[in-house]
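Q: Sharing a structure, written as structure tokens. Questions coming.
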Amino acid sequence: MTAKLRVAVIGVGHLGRHHARILGSLEGATLVGVVDAKADRASEIAAGCGTVAVRSASDLLGQVDAVSIAVPTEAHLAVAMPFLQHGIPVLVEKPLARDVSEADAMIDAAARAGVVLAVGHTERYNPAVAAAARYLDNPRFIEVHRLGTFPERSLDIDVVFDLMIHDLDLVLSLVPSEVSSIEAVGVPVLTGRVDIANARLRFENGCIANITASRISRDRTRKIRFFQQDAYLSIDYAAQEVEMYRLVRGQERPAIDGGKLDVLREEPLKRELADFLGAVREGRRPLVAGEDGRRALALAQRITERMAAGN
């Protein structure tokens, strides 16, 4: 496949408008249109990206080589399935679906058609994560804080599926073990859904991850810290910064050495979309495939079930 890929974005609200902006500028892609439930918003974004507003997602069938879907979670399955069934690769914003059964239906449809199904877990594409990953070796304790101010979006899902799921996906990708037990608490503060949550995950290999997510904090914090034998790594997702400190042996007294690692900063969403298009073009697996999205979703469901059981 040498020609430019014809792509479209379905849902150009808070996140989708950035998908459109980037896809409209990526080499190897032509943004042929955008779709949104709000016609005036679709027209505004289309004009800014040099493309057209399309009335309905169904109008894109047969006109595109791939689509990016950033509609509310409750509509992911309904919007994605026609494209998958027509053999059109799909990138779906996280979480992949409302529940595991819907995720399985999408994964099965992609497998039957032999096409790419990618999931928008953007932190996996964060350059700081890539810089730190090469130094992570069997972490024993992980501490995560993802704190945000109250949003005007994603209120159809609770904070576990809205924010915490980013870190669930990342932790699952870095800990080579299965989750054996979960302790969790969640509190609905400003909405009827959980707005702040904490989950303590114990893995079969003994690693423990303590993850806090909030959408009602005054300040924004997105940090993850790893503790492993003789080393400590801290990632600031937002600043794209990594600090690493290691124990240096072989002297009269052990010493601590370290500091900031070099990070080549780049917009994670741009890396994500470029990887999706590369996977489509090369017929390979994307970094975050449907199965990865399903695994994070299944863990998020276990956490919310544990919260409910504890109330």
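Q: How large is log10 of I(q)/I(0) for the range 139-254 at q = 0.13, 0.15, 0.16, 0.18 Å⁻¹ when the intensity is taken from the Debye formula with one equal scatterer per alpha-carbon?
A: Each listed q maps to, in turn, -0.55, -0.70, -0.78, -0.94.
Q: List the aspartates and glutamates whose Cα sits under 13 Å from the Cα of K223, skipping any in the same chain fewer than 8 residues away.
A: E123, E143, D167, D236, E241, E243
Q: Rounded to the nearest 20 debye, what is the charge dipole size of the chain about its Cα centre when +1 sits on each Lys and Arg Cβ and -1 on each Asp and Glu Cβ?
A: Dipole about the Cα centre, nearest 20: 280 debye.
Q: Rounded to whole Å, give me the distance from the Cα center of the range 13-61 to that of the range 191-240.
A: Rounded to whole Å, the Cα centres lie 34 Å apart.
Q: What does DSSP give for the range 10-158 in terms of the percent of beta bridges that are antiparallel, rounded to the nearest 5? Spell out each step's value before the answer.
A: On the way: 0 of 10 bridges.
That works out to approximately 0 percent antiparallel.
Q: Once you have the alpha carbon radius of gyration of the chain, what is it after dividing by 2.2 N^0.38 Å, with N set to its residue count?
A: After normalising by residue count via 2.2 N^0.38 Å, the value is 1.04.
Q: Can you give the FRET efficiency to the nearest 0.05 for L26 and R302, using r as the Cβ-Cβ distance and R₀ = 25 Å?
A: 0.10
Q: Which whole-number percent is the relative contact order of the range 29-85 (Cα, under 8 Å, 6+ apart)? Numbers along the way, then the final one.
A: Values: 40 pairs, mean separation 15.7, N = 57.
For the range 29-85, the relative contact order is 27 percent.
Q: Next up: Calculate log10 I(q)/I(0) of the range 1-65 for q = 0.18 Å⁻¹, where I(q) comes from the Debye formula with a single equal point scatterer on each Cα and nothing for solvent.
A: Log10 of I(q)/I(0), two decimals: -0.55.
Every number in this text was worked out from the coordinates using simple rules, so none of it is lab data. The model shown is predicted, which means the values in this text are computed figures rather than measured ones. Counting neighbours? That spans all protein chains shown, and the Cβs are built from the backbone with ideal geometry, glycine included.
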